[in-house]
1. Assuming R0 = 41 Å, can you tell me the calculated FRET efficiency for the pair I88 and S175, based on Cβ-Cβ distance, to the nearest 0.05?
2. How would you classify region 107-237 from its alpha-carbon gyration tensor, with a ≥ b ≥ c the square roots of the eigenvalues: rounded for a/c under 1.5, else prolate if a/b is greater than b/c, otherwise oblate?
3. Return the FRET efficiency for the residue pair R409, F189: r is the Cβ-Cβ distance, R0 is 60 Å, and the value is rounded to the nearest 0.05.
4. Enter the angle in degrees (range 0 to 90, nearest 10) between the Cα long axis of helix 376-406 and the first principal axis of the Cα atoms of the chain, meaning the one along which they spread out most.
5. Going by the alpha-carbon gyration tensor, a ≥ b ≥ c the square roots of its eigenvalues, is region 11-308 rounded (a/c under 1.5) or, if a/c is not under 1.5, prolate (a/b greater than b/c) versus oblate?
6. Based solely on its DSSP helices, what 222 nm [θ] is calculated for the chain when runs of n ≥ 4 H residues each add -39,500 (n - 2.57) and the sum is averaged over all residues, nearest 500 deg cm²/dmol?
7. Among the aspartates and glutamates, which fall within straight-line cross-link reach of K118, defined as a Cα-Cα distance under 19 Å, with same-chain neighbours fewer than 8 residues apart omitted?
8. For helix 250-280, report the angle its Cα long axis makes with the longest principal axis of the Cα atoms of the chain; keep it between 0 and 90° and round to the nearest 10°.
Amino acid sequence: MIKPLHYQDLKVNNQGFFSLGSIQSAAIGIPAMIFGGVIGSKYGAGVGLCSIFTGNLILWAVGLIIISMVSNERMNAIENIKEYLGKIGTIIAALFFVFVFLNWFALQISSTVFLLNKVWQFDTGVQNDMVIRLGAALGFFTSLLAIGGIRVLKWISIVSVLLLLLGGIYILSCSRHQPPFLGFGLSFFAVMTTVLSFLPGVINLPTFFRYSCSRADSCLGLTFMIVYYTFFECVGMWIDLNDLFATAVAGKAVILSLFLILLLLCINLLNIYLASACYETFIPRFVGTKGYAIMGLLGTASYTFIQISSSIQFLLDLLNSYLVSLCCVLLISFLFRIVSNRMPGKIEKWINTIAWLVGCLVSTILKIQNPANEMNFLLLGAGASAMFFLVVMYAEETFYSAKKIIFERFVR
């Protein structure tokens, strides 16, 4: 078996719960606030709060199961998937992940330079050229930082978490924005949106949590991450980010710009390291700084030459649905493994892979039929994967149970 990335450092570089939670949380501040603002304006403060709390509790439970899969083996996310899908399914999943991470890398650069443009209001005559150059420079700088390894990401994330937490509290105290209040309750759509928005990241928790000092640190790190998510999603309901960025004065603009750049570094360093798990399992010679630099430069190139268009966004939505279906298959397979008390063999791995691909096919068909739909293709794709898996397992267990009884009672 190929040793995990920095396997030789696992004993001397184990991470406590705060550093683990910080690495996962640092990049989520502004995206979480944007998400919370959308939920608050659409459903009101009462329903938004209840739905966000419920959705994040579900995310915590899913994350705990994902961490439990690899708590003893210290595998990364791709090696964990390989245990359930086999080599062919894992190669397909790894290719999906690499494409998603590279496009997320480009999307984060696009979002950051868009907000920087709102803060500084670049001259329209040179705006497009300046925005692309600024984005490319930020991507290249991130690639250079990635060479420093997980230690660089760790300390940048810890500093960012603390600064962003203070910034969030300050912004909340100064904000006069009030979301509508329509009473307390739950919205199925808001709950599922909360879960599905961050579910792809939860699948990749093993890539960093393999560095954990102990299972207790993993659980506390996950809890820290979920509490951090919840805080900023709730804060987002009481602030107006458009007003915040559009009306920034000189001193405030500098602070906002530094925050945006720091967050960009955190999330894109995270994307680089998550992408590294996708190729290190199969191409070990790219493990380490060489692979980090390549991933960062590829992400920068994808931003510079492709840009995020409607067709790319459509493809990203599809790939996110594929990752949701994959997570569904992994969870059900893991629970089935506990109940049946057996390791997944070759047949089970093929069943898991086919179940995942069935979900991908259903999501693709539904998304093509109704591109504007925001949720059904995700849920029905995951449901199709779960249904296929359960039907096949039902047939398999019934067949082998009947075969065993017939053999023991009649043949003998």
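Read-outs: derived from the displayed coordinates by stated rules, not from any lab. Since the structure is predicted, the reported quantities are computational estimates derived from the model, not experimental observations. All Cβ positions, even for glycine, are placed from backbone atoms using ideal geometry, and neighbour counts span all protein chains on display.
1. Efficiency, from the Cβ-Cβ distance: 0.20.
2. oblate
3. 0.70
4. It works out to around 20 degrees.
5. It comes out oblate by the Cα gyration axes.
6. -27500 deg cm²/dmol
7. K118 reaches D129, D240, D243.
8. Once rounded, the angle reads 20 degrees.
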